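In what follows, a structure is listed as structure tokens, so that the remarks can point back to it.
The values are calculated or read from the model by the stated rules, or taken from the named source; none is laboratory data. Note that the structure is a prediction, hence the values are computed from the model and not measured. Neighbour counts run over all protein chains shown; Cβ positions are idealised from the backbone, glycine included. Ligands, DNA and RNA are excluded from the accessible area calculation, which covers all protein heavy atoms including side chains. Shrake-Rupley method; radii C 1.70, N 1.55, O 1.52, S 1.80 Å.
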Amino acid sequence: MIEVLAKLGRGPVFLAGEVLECMITFTNPLSASSTSASSEMLAWASAQIHCQFHASENRVALPPSDGSKHDVQAENETVFVPNRGERGQCILSTPPKILFCDLRLDPGESKSYSYCETLPIDGPPSFRGQSVKYVYKLTIGCQRVNSPIKLLRVPFRVLVLHGLKDYQSPQDEAVAPSNPFLEEEEGLKKDSRLADLATELLMVATSRRSLHLYNISNTRGKVGTFCIFKTVYKIGEDVIGTFNFSEGDIPCLQFSVSLQTEESIQEEFQRRRGQPGSFSTHARHQEACLHTAQSSFSLPIPLSSTPGFTTNIASLKWRLHFEFVTSGESAGTCLVRGSQSEAITWTGVEQIEVDTFSWDLPIKVLPTNPILASYVSQFSSTNSITI
């Protein structure tokens, strides 16, 4: 028996273009019955990164696959096929790397191997939606002599920052600050510069603030104004906005604000013509606001959510969805006098005519530092298997 342990040193979340590093340890556990003849042998081990794509048949019409090509090797259990048994199709993969050949482990002995690979910068982000799914995995294949291959899959999350590739230039390396007293591997230096560049770009894009004012009106008149200071955010930030109902002609009884994503399929891949998108709500604020002059809301963008993206098949967009309930009568008729005594009290009417309307405000949501997103990731940094 051999235990295989794979550990992602920095966490299970990466930016496209970064270097993924995984430490893979093979151990022959020491048991009470172990003897010098209890050595274990592995013929070879290999590792490869791949992205699986899966689409809902009810929502997505993919072109028919070429069934004329029949891969005989894929059915052979002694051939390393990382996505064997997985749903959907493999749309992206890195070249396989051999970790070792002919490994012998004595009882209690362990051997560790480091696997490093640069994640393709033009790949899709990790996403699990109602119509499509993009799932990244590092698959480690091991084989004993004359035995089927055993696969250890390490799922991880990929964030894509569009435009990062365009900002990389050869001269960046020449002007980048360096410490001559520290020795770093070239791949790690490049990876660090990429993360720093992404952080800088995200800070520049999301720190720009300018006042955006919107008049809220229906067919009968003005209800109020809405104010927001920016429309570009990182996942993990809060979307903050304020309302001013003091200058409105129509009294607002209640409002709600929902932070939503819209998952849409490109027209050529829609199952039905004019197919509507799928909406998901990530946060919601609701408030009764009759006779309220000003109000505000704060909606957190979950770190586990997917930033907006567009691929050749699907797209994801973010928006704020507003719903307003206004009075169909004037503000004075919304209340009635409850007593003629010295202590005058006012009570609300039992019934009132209302009007409702909604409004959508598009916003842009970008990735964040992958280390920060790792803290709330559903994936574990450590995975193991026994063969």
Filtered residue count, region 235-278, keeping only those that are surrounded by 13 or more Cβ atoms within 10 Å (Cβ to Cβ), under 27 Å from the mean Cα position of the chain (by Cα) and part of a loop (DSSP other than H, G, I, E, B): 7
Only listed residue being farther than 17 Å from residue 131 by Cβ and outside the structural domain of residue 57 (by the TED database), chosen from 294, 270, 275: 294
Subset of region 189-235 [in contact (Cβ under 8 Å) with a residue 60 or more places away in the chain and among the charged types (D, E, K, R)]: 190, 191, 220, 234
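Within region 214-234, restricting attention to residues that are aliphatic (A, V, I, L, M) and within 30 Å of the chain's Cα centre (by Cα), which residue is surrounded by the fewest Cβ atoms within 10 Å (Cβ to Cβ)?
Filtering first and then ranking leaves 232.
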Residue ID - surrounded by the fewest Cβ atoms within 10 Å (Cβ to Cβ), chosen from residues in region 279-313 that are touching a helix residue (DSSP H, G or I) at 6+ places or on another chain (Cβ under 8 Å) and farther than 26 Å from residue 251 by Cβ: 304
Subset of region 105-119 that is more than 11 Å from residue 20 (Cβ to Cβ) and not small (Gly, Ala, Ser) - its residue that is surrounded by the fewest Cβ atoms within 10 Å (Cβ to Cβ): 106
Residue in region 190-207 that is at pLDDT below 75, open to solvent by 100 Å² or more (accessible area, probe 1.4 Å) and more than 20 Å from the chain's Cα centre (by Cα) present: yes
Residue within region 88-102 that is more than 17 Å from residue 154 (Cβ to Cβ), modelled with pLDDT under 80 and either assigned to a loop (DSSP other than H, G, I, E, B) or open to solvent by 50 Å² or more (accessible area, probe 1.4 Å) (or both) present: no
Condition met for residue 151 (among the hydrophobic types (A, V, I, L, M, F, W, C) and modelled with pLDDT under 95): yes
Residues (surrounded by fewer than 19 Cβ atoms within 10 Å (Cβ to Cβ) and in a strand (DSSP E or B)) located in region 123-136: 128, 133
